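See below for the structure under consideration.
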Amino acid sequence: MIDNVIHAALVMTTPVLLAAMGGLINRIGGIVNIGLDSMMLAGALVAFIVASNNGSWPLALAAAGLSGGLVALLMTLTITRLEAKEIIVGLGFNILVAGLVRFFLKTAYDTSGTLNLPDISRLPRIDIAFIADIPVIGAVFSGHDVLTWFAWIMVPLTALFLARTRPGLRLRAAGAAPAATQALGLNPLTIRDASSVFAGFMSGLAGAYLSIGVVGIFSEGITAGRGFIALAAFYFGAGRPGLTSVGALLFGFFDALQIRLQGRGVPAELVQTLPYAMVIVVLTVISLAARKNRGVRS
Amino acid sequence: MITILSASIGRMRSGGTWLSSVVKTLAPLVLALLLGAVILAVAGHDPFEVYRLLVAESFGSAKRVAATFAASTPLIFTGIATALAFRAGAFNVGVEGCVNVGGLAAAFVGFTFVSLSGPVLLPAAVLAAVIAGALWMLVPALLKSRLNVDEVVTTLMLNFIAVSLTAWLVNGPLLAPGSANSATPIVADAARLPKLMRGSSLNAGFVIALGLVVLYWLWDRWTALGYETRIAGLNARFASASGMNVPGLLFRMMLLSGAIGGLAGGVHALGNVFRYVSGFSPGYGFVGIAVALLGRGNAWGILLAALLFGALSTSGATIQLFSDVPIEIVNILQGLIMIFAVVRFSNIWKVRRT
Amino acid sequence: MRIGARGVTRRFGALTANDSVDFSAFAGTIHAIVGGNGAGKSTLMRILQGMDRPDSGTVIVNDQPVTLSGADAAFGLGIGMVHQEFMLVPGLTLLENLVLAHEPVKAFGVVDKAAAMQAARKLEKETGVHLDWSMRVDDAPVHVRQILEILRLLHRGADVLILDEPTAVLAPAQIRDLMALLKRLRDEGRTILFISHKLDEVMAVSDDITVMRSGRIIRSMAAAATSKAELAELMIGETLLDIVAHKSEVGETVLKAEKISVVDADQVERLKGISLSVAKGEIVAIAGVAGNGQEELTSALTGLSRLRKGRVELCSVDVTREGIAARRAAGLAYLSPDRAAEGLCLTASIVENAIAGHHRRKEFLSAGFLKLGRIRHHVDALLDSYSVKRAASSLPVGRLSGGNQQRVAIARELDGDPACLIACQPTRGVDIHGIAFIHKCLLEYRDRGGAVLLISEELDEIITLADRILVIYNGEICGELARGSDVEKIGGLMLGGVR
């Protein structure tokens, strides 16, 4: 039982974690990416088609990442170059891409809603001998696919990237003080664009995980709003990769839990509201703390 | 960023040449139609034929016009709800949540107090929707006006909470007896909004919506509150220095925005669906943002934009019957219009020149 | 000559910010540039640093005429500037800010922290200052941020350092440290240009001094060859404006402040127990160099910010706890110094601007509805009486010229004859005709029995208008002078107590 819950929670965490890491980088660069869900959806579809046509999951992943990145590039250019409000553009992209995907399904496959393709190359699971049979530890470390491993490796890598590397430093500068960054001869807009493309790439992978990692089928509602859960996760994490991953894990756990609790009288829908409610609480607490620091002046 | 937006919304009011504001309003629409045409052409459809069909299916006959009016009814409400908050400088993207809680509240009153007569029950149900919508905005309004917590995130998050919470209610406590599909019981006949046309879903909700447009116009143009709200949204420091209570205005306008969002849900429940079901709103609140932006916050602009989006969705639904054009072309156009409505077109020109 | 200018002229519209300026600074010297507001100091510095280009004349670097295409080009020649608004990134440590955009890296783009630290230590050794490099910039006090800006210039190889009013934000002890640092850098052969208002520190640290006034260089000289008194005289010049005869009778006190203190977000006391009073029929002026507490005094008196200590009375009513709305209702009017951000709403129409704050008067409002016809009529009559040139009152006020914008603002504030007007920088960004008009408005208002608190950085304006002059320095009133006092005496007080 507990092994199953752990395993399911990790499975639910992976797509959220991938997209949240992308969204985190994007936000530190100065853009709140509301369009993560659209990039996930694009990645899910492209990965699914490539995995069927080529039968190669690595190729499918690459294509998913690139397609997510492409959507992000279009989005970020309207934000940074055409000065459009990121919130509206993000919501607009969610509507647009969802429409395009369904339009494409009907046009190219004459199907609505779900797409079934033959010979899907699924993400392989990595079973680790010996460990697999140990309770709890086995569920934590064994039986996961490459993307899950990648997602978790990205957490410390992202932290290192931000804290230690030159591009990480410049990204933080571009997000926190674009004018000062520009005065030093760097281009904050280009840095922001790069962070958006990264967010798109990660979200594309998250989408691929849903379509060729978990189920092996594509449906138009496959993301189930996970782009927004990812948004909740990086707001929960307040700019910190470790805390963001905790948020993603927590939300993955809720996700896994609600399925299990359904039969036991605990309403799944109420569990679903928890990630979003937690974000509101976290923002309130942050604001109260800031107010206290500022003293009485408001 | 918000000031840029509200400035662009407010500019209509205070000059700018008439022509330039018409061009600015039409540009997103034209660009979206052009890009939509490219997508249609790539998919092997004749864009002109599709657009002709869309127009015919929205305005071709009295029945089709009625369908368009019916489809635009919730969008008029959500467009005004959004514009009202934008005017005050609050970026409320949570109208979708208000639509859901408002719809459920109206339905609840409508199927619970069935013994009441029509003249009491219907207003009570509508009032319940209004109150539910306003209360739903209470937390973000307090957080924004007192603690300056970013209202974009809180209202966005509350949308998802509203959807899940109402889904729980209609799956459990409020589930219609004997029903398996996440829906409340049907409301009493007395709670239904009267139909305006036989064989059409057009109902008195459209009249309420038109009344609201007039009220919004009056409020915006003629009242002290509308004036103060506009000024506070354009320049909060100036408004404060002039003695206006900016946090108070923000708070009240966010609640009012929520109330109108709730009204959208109530009217939809009592005029169209006659109950609340999970998935009740196909994104009325989000399309309302596009409506408010395209209408540039102006009462008549919002009405026209809502009619346009209503026409798109109603004709998109029937166009499938006559051709093999997927209805999703409508979503594509909606998304494109939304994006282009906030793009600074002068920059496209700049980029091209360099 | 390490850096200088030959015949540099720079115009902004009708304003000549620099008028054939010849300037020379030599390697290994500290050169102070002093002058009043709008004397053209900052423009000259921006030109020397490549951020602005002269309309005519050239910049000279190492005795050679050069054309600087931008700040980067100036940097290539060893010229760097510390701006009044610091260019630091919050959230990053001091060390990260030091190396940003020129980070030493190891493999995989990892910043070589050891190398960065080594560079920081080397700078510390050179300059004798010590910083906690792991501290985040947000947590660093302002003098540390300033030193960091200077060290960053050194790190990037600058040997000409331009500092724009570096001491404006510092406490006395920190100013001494900064001065010691500048001397040390000078002794190592660097050239330092710094802009200041404060004659004490100018005399204490500089080798050469250049005085600017109205876009011209009045005189350049060795510091040893001049005195504070002479500098004050050169900076202020002779006042050419006519002093308007005082007509009206002074009546009862309208605005009264008792020992008001204000602290800023960093708990630094910006106002140190100021008391003042303004009576009917008089213009009381607050004279002072920018940044000595004028903004804090304004927001304390208008109710835009809270007091820490003290008491404010308006028409004998205690309004200390009231906000601006209640104070306005009690008869206060406030002409904001920041016309674009606070004084007007540039994107709103002229009517909407002119009526703001008056729109809830009984004559304009019935049952929550505005009587737009009557408002428009009222505003048009009001603006006509102030000769506001406009095509239509429905146009955005931002389309008007600066002078006409200010007329709209002053017309609104004086509409309905308030008991008291706090007028801050009333002629900022206004041309000469506009200035005369606004002065006339203020005088007429006073003669009608109005009480005016005039807060201005323009000494000429104060001398022309004021019945009494209070000089503010460092958050305190350091002197009160009667009308007709010696200009140099006022100037001396403003600049830090040369009496």
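Is it fair to say C:SER401 is open to solvent by 60 Å² or more (accessible area, probe 1.4 Å) and at pLDDT below 95? Talk me through it step by step, then tell me what you get.
Working: open to solvent by 60 Å² or more (accessible area, probe 1.4 Å): yes; at pLDDT below 95: yes.
Considered against the rule, which asks whether it is open to solvent by 60 Å² or more (accessible area, probe 1.4 Å) and at pLDDT below 95, C:SER401 comes out as yes.
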| remark: Note: among B:ALA264, B:ALA232, just one is within 13 Å of chain C (Cβ to nearest Cβ) and surrounded by 24 or more Cβ atoms within 10 Å (Cβ to Cβ), namely B:ALA232
| query | Within region A:254-268, is there a residue that is away from chain B (no Cβ under 14 Å), more than 24 Å from A:THR76 (Cβ to Cβ) and within 19 Å of the chain's Cα centre (by Cα)? | reply | yes
| said: more than 22 Å from the chain's Cα centre (by Cα) and modelled with pLDDT under 90: is that true of C:LEU314 in this structure? | reply: no
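Just give me the residues in region C:387-398 being outside any loop (DSSP other than H, G, I, E, B) and open to solvent by 10 Å² or more (accessible area, probe 1.4 Å), in sequence order. If you could, list the steps in order and put the result at the bottom.
Our first condition is that a residue be outside any loop (DSSP other than H, G, I, E, B); within region C:387-398, this holds for C:396-398.
Residues satisfying the conditions are C:PRO396, C:GLY398.
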| note | C:ALA411 passes all but one of the listed conditions (1) in the same structural domain as C:THR298 (by TED's automatic domain parsing); (2) modelled with pLDDT of 90 or more; (3) over 18 Å from B:SER240 (Cα atoms); (4) not in a loop (DSSP other than H, G, I, E, B); the exception is number (1)
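Quick test for you: out of C:LEU148, C:LEU153, C:LEU178, pick the one residue that is in a helix (DSSP H, G or I), open to solvent by less than 20 Å² (accessible area, probe 1.4 Å) and free of Cβ contacts under 8 Å to residues at least 40 places away in the same chain. Write out each step before concluding.
On the way: C:LEU148 fails: free of Cβ contacts under 8 Å to residues at least 40 places away in the same chain; C:LEU153 fails: free of Cβ contacts under 8 Å to residues at least 40 places away in the same chain.
Going through C:LEU148, C:LEU153, C:LEU178 in turn, just one is in a helix (DSSP H, G or I), open to solvent by less than 20 Å² (accessible area, probe 1.4 Å) and free of Cβ contacts under 8 Å to residues at least 40 places away in the same chain: C:LEU178.
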| note | Scanning region C:419-445 for residues that are open to solvent by less than 50 Å² (accessible area, probe 1.4 Å) and farther than 22 Å from C:SER214 by Cβ gives C:ALA419, C:CYS420, C:LEU421, C:ILE422, C:ALA423, C:CYS424, C:CYS441, C:LEU442, C:LEU443, C:TYR445
| query | Just one of the numbered conditions (1) over 22 Å from C:ARG446 (Cβ atoms); (2) at pLDDT 90 or above is not true of C:LEU231; which one? | reply | (2)
| Sole exception among (1) in a helix (DSSP H, G or I); (2) under 22 Å from A:ALA176 (Cβ atoms); (3) within 14 Å of another protein chain (Cβ to nearest Cβ) for C:PHE108, by number | (2)
| query | Where in region A:43-149 are there helices (runs of 4 or more DSSP H), lying fully within it, with 2 or more residues that are at pLDDT below 85 and farther than 27 Å from B:LEU333 by Cα? | reply | A:137-141
| task | Assess whether C:GLY28 counts as being touching a residue at least 60 places away in the same chain (Cβ under 8 Å), in contact with a Gly (Cβ under 7 Å, 6 or more places away or on another chain) and surrounded by 14 or more Cβ atoms within 10 Å (Cβ to Cβ). | result | yes
| request: Would you mind telling me which numbered condition in (1) under 33 Å from the mean Cα position of the chain (by Cα); (2) under 25 Å from A:PHE161 (Cα atoms); (3) more than 14 Å from chain A (Cβ to nearest Cβ) C:GLU124 fails? | output: (2)
| Taking interchain pairs and intrachain pairs at least six residues apart, which have beta carbon atoms under 7 angstrom, with the first residue in region C:84-108 and open to solvent by less than 50 Å² (accessible area, probe 1.4 Å) and the second part of a loop (DSSP other than H, G, I, E, B) and at pLDDT below 85? | C:LEU100/A:LEU184; C:ALA101/A:LEU184; C:ALA101/A:GLY185
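Of the residues A:GLY216, A:GLY239, which single one is touching a residue at least 60 places away in the same chain (Cβ under 8 Å) and under 15 Å from B:VAL153 (Cβ atoms)? Lay out the reasoning, then the answer.
Numbers: A:GLY216 fails: under 15 Å from B:VAL153 (Cβ atoms).
On inspection, the qualifying residue turns out to be A:GLY239.
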| task | Quickly run through region B:209-224 and pick out the residues that are open to solvent by 20 Å² or more (accessible area, probe 1.4 Å), touching a residue at least 60 places away in the same chain (Cβ under 8 Å) and closer than 19 Å to B:ALA125 by Cα. | result | B:LEU212
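Pick from B:VAL325, B:VAL291, B:VAL267: which is part of a loop (DSSP other than H, G, I, E, B) and of a type in the set (A, V, I, L, M)? Please lay out each step first, then the result.
On the way: B:VAL291 fails: part of a loop (DSSP other than H, G, I, E, B); B:VAL267 fails: part of a loop (DSSP other than H, G, I, E, B).
That would be B:VAL325, the only listed residue that is part of a loop (DSSP other than H, G, I, E, B) and of a type in the set (A, V, I, L, M).
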| field | region B:140-161, residues that are of a type outside the set (Lys, Arg) and more than 9 Å from chain A (Cβ to nearest Cβ) | value | B:ALA141, B:LEU142, B:SER145, B:GLU151, B:THR155
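In the list A:ALA277, A:ALA238, which residue meets the criterion of being more than 10 Å from chain B (Cβ to nearest Cβ) and farther than 30 Å from A:ALA51 by Cα? Spell out the reasoning first.
Numbers: A:ALA277 fails: more than 10 Å from chain B (Cβ to nearest Cβ).
Answer to the check: A:ALA238.
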| request: Return yes when A:LEU10 is of a type outside the set (Asp, Glu) and surrounded by fewer than 24 Cβ atoms within 10 Å (Cβ to Cβ) and no when it is not. | output: yes
| task | Find the residue count for region C:446-460, including only residues that are crowded, with 22+ Cβ neighbours inside 10 Å and part of a helix (DSSP H, G or I). | result | 2
| query | Which of the following residues is buried (at least 17 other Cβ atoms within 10 Å of the Cβ) and at pLDDT 95 or above: B:VAL101, B:VAL65? | reply | B:VAL101
| task | Would you mind stating whether B:LEU122 is open to solvent by 20 Å² or more (accessible area, probe 1.4 Å), at negative phi, in a helix (DSSP H, G or I) and not aromatic (Phe, Trp, Tyr)? | result | yes
| Of all residues in region A:48-97 being open to solvent by 30 Å² or more (accessible area, probe 1.4 Å) and of a type in the set (Gly, Ala, Ser), the one that is nearest to A:LEU18 (Cα to Cα) | A:ALA62
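Where in region C:254-316 are there strands (runs of 3 or more DSSP E), lying fully within it, with 2 or more residues that are open to solvent by 60 Å² or more (accessible area, probe 1.4 Å) and under 28 Å from C:GLY36 (Cβ atoms)? Outline the logic, then answer.
Details: elements: C:269-279, C:282-287, C:309-314.
Those strands (runs of 3 or more DSSP E) span C:269-279.
The values are calculated or read from the model by the stated rules, or taken from the named source; none is laboratory data. Bear in mind the structure is a predicted one, so any value in this text is a computation, not a measurement. Note that we place each Cβ from the backbone using ideal geometry, even for glycine, and neighbour counts take in every protein chain shown. The area values use the complete protein model at the heavy-atom level, side chains included, leaving out ligands, DNA and RNA. Shrake-Rupley method; radii C 1.70, N 1.55, O 1.52, S 1.80 Å.
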